[in-house]
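Remarks on the structure that follows.
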Amino acid sequence: CSSSAPEPYVERPVEPLYNEAADALSRERYNRAADLFLEVERQHPYSIWATKAQLMAAYSYYQAEKYPEAIDTAQRFIQLHPGNKDTGYAYYLVAICYYEQIVDVGRDQKSTEQALSALSEVVRRFPDSDYARDARLKLDLTRDHLAGKEMEVGRYYQKRKQYLAAINRYRTVIEKYQTTTHVPESLHRLVESYMALGLNPEAQAAAAVLGYNYPGSAWYQDSYALLTDANLRPLTDDRSWITRAFDSTLDTLF
Amino acid sequence: CTPIVDDRGWRPDETAVSAIRPGVDNKESVARLLGTPSTVSNFDDRAWYYISARTERIAFQRDSVTNQAVLIVSFDAAGNVTEVSRLDQADGKEVAMNPDKTATLGNELTIWQQLFGNLGRFNAPSGGSTTAPMPGGTLPRN
Amino acid sequence: QVRGAGAEAAAPIVSAIRVEGNQRVEPETVISYMSIRAGERFDPVKLDLSLKALYATGLFGDVQIRAEGNDLVVTVVENPIINRVVLEGNSKLSEEQLTKELQVKPRVIFTRAKVQSDVQRMLELYRRAGRFAATIEPKIVQLPQNRVDLIFEIKEGPNTGVERISFIGNKAFTDGELREEIATRESRWYRFFSSEDNYDPDRMTYDRELLRKFYLTNGYADFRVLSAVADLTPERDAFFITFTVDEGEIYTFGGIDIESRIRDLVPDELRSQLLTLEGETYNAELIEKTIDRLTDAAGNLGYAFIDIRPVLKRDREKHTVSITYQINEAPRVYVERINIQGNVRTLDEVIRREFRLSEGDAFNTAKKERSRQRLQALGFFDKVDVTQVQGSAPDRTVMNVEVQERSTGELQVGAGFSSSEGVVGEVSVRERNLLGRGQDIRISASLSQKRTQFDFGFTEPYFLGRNVAAGIDLFNIDRDYQDEAQYDLRRTGFALRAGFNISEFLRMTTRYTLRQDEITNVGPFASFAVKEAEGQALTSMVGYVLGYDRRDRPQRPTDGYYLFIGQDFAGLGGDVTYIRTTAGANYYYPITSSVVASLSAEGGYIHGLGQNVRLNDRFDVGGQNLRGFKDAGIGPRDAISRDSLGGNIYAIGTAEVSFPVGLPDEYGIRASVFTDFGTLFEVDTAPTVSVLDDSSLRMSAGIGISWDSPFGPIRVDFAQALLKEDYDETQVFRFSFGTKF
């Protein structure tokens, strides 16, 4: 266990041990609580307390912001008690541990990706639980975050006039992250990049999609201004992909 | 002083380009001749774009882009080549990037954290409940 | 098909599944692993699958499935839980080292398989640590509630080191020289720390590779290692290792040719890149380096998709190897995406901007390698791995850049001693990757008997998005020159600097400096030249340094050269006007992989514009830049007061050979033999001062020891002045030691 000084190994009855752990938890001495709960599981693995103690240990580690230990303990619970009524909580706790380690878009998004898969796991396995409702909200946010990362890299390349790299990054946002808050900006960036290349029809198409789906957005005003500046207009073109690709988005949004 | 030159994007292969015959070639043959396009038209899958550029970096100046070119291969609904056209740097327009950014969240790294390593707890106000409840506890309804 | 239907009717339906014998694992858990459910027909295949699945969980020692009427009864015997893991008898390997490798841990389920594989794992570790005779006996202590304590009884046995390494068939090189080239070392008393003197089969195969590489770079194209045998002494406490080699003849390069199979790529343009020249001794490494240079040069000519293969033809009579570098068309592959992973602290942009490749570019191994080197040179990462994965199309590749960051923050509180400044105390905080933005910030204060100094430095490597490293330095120095010239100097000011690459290896740094110098408490008997300089002086100066850097690495270079020239023009306002020019060259030559010869020379000339050059603006030579002499030990000196006045013209140089002292590298002990030489002369001062000034060459020779000890770098130099003027001040012994913690 994680306590620094290796405590002398003392065999103790389960009730007082568990109560001492619960008490440490209520007094917010989380590391101590985690150690004690794990001690309950170690000394009395077959008691009814052991199963509960395992989960409480995971929770204590989580409160102590020791995410790797919390995830490890929760996953051990899932492996040992797949059928238990609290397994949903264990999956949820794992997802929250990853979720709380999300860092800003400038850095490695590994924890965001892990949060995404863990939260989807919660929604898939326990669709109508409270946990799933909360997980869905957080899922939107993690997807939005990943889209933000694509935009960050897109802008990096656009700033250096490497429009090919930028355009492909912005396209990823439109195709993979259609429901995120970054779509309006990605469309506007496409208008900017296509015009810089001279591909005006593409710029007009992108502006049309932006106007069609996000008429009020500031980005659309910007695109419109850019186009009129080059005496162009957003393309009103029904046969194109605009309606097809975005009808699906419209249904979910409104 | 000699600039540091980097060739960006698609490497033009003029003999292959001249081998494309509108009306005869289709998407498969173009892909064989020119390779996968740099990018494709966004919204109607009717055009393939092969984009190339050369960036030069001289001493302290920003990278400057020279001989930026776009090769456009247009197709009809059946996927046959209708036209091969080109754009060069003159067709492009000097566009100023909009400085704003859509907001993103996530733990910003503060000096305190950089020195002492713990990244603290990321929680987006809009992202559902703030912290996980005790095992068996219920989630606040919001 | 009748039979199938028949069997169907006979098998009854499972009415319920009962689980017996389980203690910790809930019945639902057991059932969830089974592939048969209540309400389905009895099906032997599904029963067998369930049996296998339950065993696979590792939760159960034994599983029985039988039918009781229409019920299915699953009786399980749960594997015990491990309560404690105890290691007894381990001394060479610590408890922590061993338990890290074990699968068996407290609270984990006990299975015989895990214990067996852990025993093997520990034996492997002991073999690596040189204990071939080690034995491990696992013991199990039953505890109530189906728990066990696990005790590993370890007998480590004697240390089986490598007693002797000998070679058979080597004519060109002695056993000693070959021993220097391989990794395994013979056991010696002073190698108590290192593990390289233990027998390790993997390191033996690595040794064979090292031998082959060594011979191939020294002309022996036909070299082969016939055998590498390790015999164990009867008492099983030492190994005798014998390498039998067949050297073959020494070869020289024959005809060298470049054959291009790519339209309009003319081979002659690349001929200048060849390192393998006809007549020179054969060297496999040069072939590799030539290929890199050819790929690079072709890349710059716009040929991104090339693959260069050397075709070697041996002429056994004339012992020559002629090479044709074939340039083939490589598949036209483009970089689809560059994913940067592992950057927990460093921003994506700080890494991406070091990359020579952008997304959508043509893939090119030389550029990928250079990008990796540039990331390594940042000094932010312990490890940089660039791997490629097939992209969304056959001609697309995705590059994954995996970095492992190191802590770039340095909080150093140091104390030390140097013969020129006495006891030195220093506190400095430095962060080379501030907030992951790649910015460098440094604040330091140092105190010694002769100097108190405060410094602040900040650098932004990509100022305003340009490829310009701009920075600002603030400084305040109080220096006591009483010993050298009976005056104290206070220097306060700041400098703005901007550095950029003019070409891949040529770098320019421009600098503007504004500083106030104040010379105070000049000694009563000080030279008039010193008295003349008393008081304040404001210097406003702009300058540049042009550096051409072809060294293999900035710290402790072993190969290549570095040239620089710099000029400063003081006189943009302020009281001081002069032009100062300095120039120099350092050349490094690797005699062997660990012995490095270096030759450096430097010179400078300062010319006062319409005024005499001030005392503290002149050059000082002696001490660190001319060992064997005291600080400012040589150069113009006041005949009466013996104060050192510094000089307007200087030239110094060093020839040095540094080599390891036979200890493995991780000790960080290196020695060097050197000779320093230099001169300092010409001082424009008031005529009333009688000056001893001589432009003769001074020279010294000596040896130095440097040790990166666990408590800090220690440097000792012994240098004897050989050529000197009688009024020069010498110093045989220099010592500097600093602890950083």
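The values are calculated or read from the model by the stated rules, or taken from the named source; none is laboratory data. As the structure is a prediction and not an experimental result, all values here were calculated from the model. Methodologically, a virtual Cβ is constructed for each residue, glycine included, from the backbone with ideal geometry; neighbour enumeration extends over all protein chains shown. Just the protein is used for accessible areas: all its heavy atoms, side chains included, with ligands, DNA and RNA removed. Shrake-Rupley method; radii C 1.70, N 1.55, O 1.52, S 1.80 Å.
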Query raised in the report: Within region C:99-124, which residues are away from every other protein chain (no Cβ under 14 Å), in contact with a helix residue (DSSP H, G or I) (Cβ under 7 Å, 6 or more places away or on another chain) and surrounded by 14 or more Cβ atoms within 10 Å (Cβ to Cβ)?
Result: C:Leu102, C:Met122
Query raised in the report: Name the residues in region C:422-439 that are buried (at least 19 other Cβ atoms within 10 Å of the Cβ) and either under 30 Å from C:Asn625 (Cβ atoms) or in contact with a Ser or Thr (Cβ under 6 Å, 6 or more places away or on another chain) (or both), would you?
Result: C:Val424, C:Asn433, C:Gly436
Query raised in the report: What residue, among those in region A:34-47 that are within 10 Å of another protein chain (Cβ to nearest Cβ) and in a helix (DSSP H, G or I), is surrounded by the most Cβ atoms within 10 Å (Cβ to Cβ)?
Result: A:Glu41
Query - Enumeration of residues in region A:1-33 that are at pLDDT 85 or above, closer than 27 Å to C:Gln142 by Cβ and open to solvent by less than 50 Å² (accessible area, probe 1.4 Å) - result: A:Leu17, A:Tyr18, A:Ala21
Query - Residue match in region A:216-225 (condition: at pLDDT 90 or above, within 7 Å of another protein chain (Cβ to nearest Cβ), touching a Lys or Arg at 6+ places or on another chain (Cβ under 9 Å) and part of a helix (DSSP H, G or I)) - result: no
Report task. Identify all residues within region C:406-425 that are acidic (Asp, Glu) and within 26 Å of the chain's Cα centre (by Cα); write none if there are none. Result -> C:Glu410
Query - Checklist (1) modelled with pLDDT of 80 or more; (2) over 30 Å from C:Phe629 (Cα atoms) applied to C:Ala366, failing item - result: (1)
Query raised in the report: In region A:98-204, which helices (runs of 4 or more DSSP H) lie fully inside it and hold 1 or more residues that are within 7 Å of chain B (Cβ to nearest Cβ) and open to solvent by 20 Å² or more (accessible area, probe 1.4 Å)?
Result: A:130-159, A:163-176
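Taking C:Ile606 as the residue in question, decide whether it is hydrophobic (A, V, I, L, M, F, W, C), open to solvent by 40 Å² or more (accessible area, probe 1.4 Å) and closer than 16 Å to C:Tyr650 by Cα.
Values: hydrophobic (A, V, I, L, M, F, W, C): yes; open to solvent by 40 Å² or more (accessible area, probe 1.4 Å): no; closer than 16 Å to C:Tyr650 by Cα: yes.
Criteria not met by C:Ile606.
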Report summary line: In region C:475-528, anything open to solvent by less than 30 Å² (accessible area, probe 1.4 Å), of a type in the set (Asp, Glu) and assigned to a strand (DSSP E or B) is listed as C:Asp517
Query raised in the report: Does C:Arg84 count as open to solvent by 40 Å² or more (accessible area, probe 1.4 Å) and either under 30 Å from A:Leu38 (Cβ atoms) or more than 14 Å from chain A (Cβ to nearest Cβ) (or both)?
Result: yes
Requested in this report: Go through region A:56-92 and count every residue that is under 17 Å from A:Ala21 (Cβ atoms) and surrounded by 24 or more Cβ atoms within 10 Å (Cβ to Cβ).
Outcome: 11
Report task. Search region C:461-474 for residues being in a strand (DSSP E or B) and surrounded by fewer than 17 Cβ atoms within 10 Å (Cβ to Cβ), and hand back the single one that is nearest to the other protein chains (Cβ to nearest Cβ). Result -> C:Ile472
Requested in this report: Among what's in region C:331-385 and is in a strand (DSSP E or B) and of a type in the set (Phe, Trp, Tyr), pick the residue that is farthest from A:Arg107 (Cα to Cα).
Outcome: C:Tyr334
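Would you confirm, using the coordinates I've provided, whether A:Val94 is facing chain C (nearest Cβ under 10 Å) and within 30 Å of C:Val401 (Cβ to Cβ)? Even if it seems obvious, please write down each step before you answer.
On the way: facing chain C (nearest Cβ under 10 Å): no; within 30 Å of C:Val401 (Cβ to Cβ): yes.
Considered against the rule, which asks whether it is facing chain C (nearest Cβ under 10 Å) and within 30 Å of C:Val401 (Cβ to Cβ), A:Val94 comes out as no.
So, in region C:309-340, exactly how many residues are away from chain B (no Cβ under 14 Å) and either exposed (fewer than 14 other Cβ atoms within 10 Å of the Cβ) or farther than 30 Å from B:Tyr50 by Cβ (or both)? Walk me through how you get there before you give the answer.
Quick first cut of region C:309-340, residues away from chain B (no Cβ under 14 Å) only: C:309-328, C:339-340.
From what is left, the residues that are either exposed (fewer than 14 other Cβ atoms within 10 Å of the Cβ) or farther than 30 Å from B:Tyr50 by Cβ (or both) are C:309-325, C:328.
Number of matching residues: 18.
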Query raised in the report: Looking at region C:462-507, which of its residues are among the small types (Gly, Ala, Ser) and touching a strand residue (DSSP E or B) at 6+ places or on another chain (Cβ under 6 Å)?
Result: C:Ala469, C:Ala470, C:Gly471, C:Ala485, C:Gly493, C:Ala495, C:Ala498, C:Gly499
Report task. From (1) among the polar types (S, T, N, Q); (2) open to solvent by 60 Å² or more (accessible area, probe 1.4 Å); (3) at pLDDT below 90, pick out the condition that doesn't hold for C:Thr387. Result -> (3)
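Within region C:669-678, is even one residue modelled with pLDDT under 90, over 19 Å from C:Tyr727 (Cβ atoms) and not in a loop (DSSP other than H, G, I, E, B)? Break it down stepwise before answering.
Here is the first cut: in region C:669-678, the residues modelled with pLDDT under 90 are C:669-670.
Cutting the leftovers down to over 19 Å from C:Tyr727 (Cβ atoms) gives us C:669-670.
Restricting the remaining residues to those that are not in a loop (DSSP other than H, G, I, E, B) gives C:669-670.
For region C:669-678, residues modelled with pLDDT under 90, over 19 Å from C:Tyr727 (Cβ atoms) and not in a loop (DSSP other than H, G, I, E, B): present.
Filter region C:258-280 down to residues that are crowded, with 17+ Cβ neighbours inside 10 Å and touching a residue at least 60 places away in the same chain (Cβ under 8 Å) and give me whichever is nearest to the other protein chains (Cβ to nearest Cβ). Break it down into steps so the answer makes sense when it comes.
Within region C:258-280, the subset crowded, with 17+ Cβ neighbours inside 10 Å is C:258, C:260, C:265, C:270, C:273-276.
Subsequent filtering for residues that are touching a residue at least 60 places away in the same chain (Cβ under 8 Å) retains C:258, C:260, C:265.
Working: C:Ile258: 21, C:Ser260: 16, C:Leu265: 13 Å.
Of everything passing the filter in region C:258-280, C:Leu265 is nearest to the other protein chains (Cβ to nearest Cβ).
Can you find, within region C:609-648, the residue that is surrounded by the most Cβ atoms within 10 Å (Cβ to Cβ) among those that are in a loop (DSSP other than H, G, I, E, B) and among the acidic types (Asp, Glu)?
Applying the first criterion (in a loop (DSSP other than H, G, I, E, B)) to region C:609-648 yields C:609-614, C:618, C:620, C:622, C:624-625, C:627-628, C:630-633, C:635-636, C:639-643, C:645-646, C:648.
Within this subset, residues satisfying the condition of being among the acidic types (Asp, Glu) are C:620, C:631, C:643.
Values: C:Asp620: 22, C:Asp631: 23, C:Asp643: 28.
For region C:609-648, the residue satisfying everything is C:Asp643.
What are the residues in region C:288-304 that are over 11 Å from C:Gln326 (Cα atoms) and buried (at least 20 other Cβ atoms within 10 Å of the Cβ), if any?
Going through region C:288-304, the residues over 11 Å from C:Gln326 (Cα atoms) turn out to be C:288-290, C:292-293, C:295-304.
Passing the criteria: C:Thr290, C:Thr295, C:Ala298, C:Gly299, C:Tyr303, C:Ala304.
With B:Asp91, B:Asp13, B:Asp7 as the choices, which residue is within 14 Å of chain A (Cβ to nearest Cβ), charged (D, E, K, R) and surrounded by fewer than 20 Cβ atoms within 10 Å (Cβ to Cβ)?
Values: B:Asp13 fails: within 14 Å of chain A (Cβ to nearest Cβ); B:Asp7 fails: surrounded by fewer than 20 Cβ atoms within 10 Å (Cβ to Cβ).
Criteria check complete, one pass: B:Asp91.
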**Report entry** Pick from region C:19-36, criterion touching a helix residue (DSSP H, G or I) at 6+ places or on another chain (Cβ under 8 Å) and either of a type in the set (Gly, Ala, Ser) or farther than 16 Å from A:Gln79 by Cβ (or both), ranking: surrounded by the fewest Cβ atoms within 10 Å (Cβ to Cβ)
**Finding:** C:Ser35
